[in-house]
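To start, the structure itself, in structure tokens.
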Amino acid sequence: MHDLLPAVEKKSREISLRTARALGVLGAAESVPGPALYHQVLRNISDLRAIWAEHLRLLSEVYPLISGESDRMTIAVLRQFEEDIAETAHWLETLSSAGWARTPEIGVNSIRVRATKTLSDILRQMEKERTTVVPLLRRSLARSADTLPAIRHLATA
């Protein structure tokens, strides 16, 4: 259970780094030929999609630990966060499965706006996770660690 926190933090950092790298590729659009850029963008998004799926799996293990002892406001924040990350998963899937465009320039232009928005959303979500979800997880893990000795004492009494 306590290994979840480092795993979530590590995956979050990895996602942030890969997302920033993907945004950098999109930002360098003028210096990269159309076909190469299109392939790079799709490859970066596909790679990110796989890591995102693993991160969602980790979060699915974390949420019950947090929501089991949280107030309504915290649960509302977590639900909104879950909706946001589900939408991001949808867009990563959509973008990574995009077919080849008639021309690379059209392909890059057609996905540039959506990819930039999706990648920017990911960076915001990772920041929100670091400032909201991780502290909630820390608090929940600390509470469970505090109650374990009391439970063990009661079980042996």
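The values are calculated or read from the model by the stated rules, or taken from the named source; none is laboratory data. The structure presented is a predicted model; accordingly, all values stated were derived computationally and were not measured. Note that we place each Cβ from the backbone using ideal geometry, even for glycine, and neighbour counts take in every protein chain shown.
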Next on the checklist: Looking at the structure I just gave you, is Asp84 among the acidic types (Asp, Glu), farther than 20 Å from Thr131 by Cβ and modelled with pLDDT of 80 or more?
Outcome noted: no
Checklist outcome for this item: Those residues of the range 73-85 which are loosely packed, with under 13 Cβ neighbours inside 10 Å and closer than 15 Å to Ile15 by Cβ amount to none
Next on the checklist: For the condition modelled with pLDDT under 85, basic (Lys, Arg) and outside any helix (DSSP H, G or I), what is the one hit in Arg152, Arg102?
Outcome noted: Arg102
Checklist outcome for this item: Sole miss for Leu42 among (1) modelled with pLDDT of 75 or more; (2) outside any helix (DSSP H, G or I); (3) not aromatic (Phe, Trp, Tyr) is condition (2)
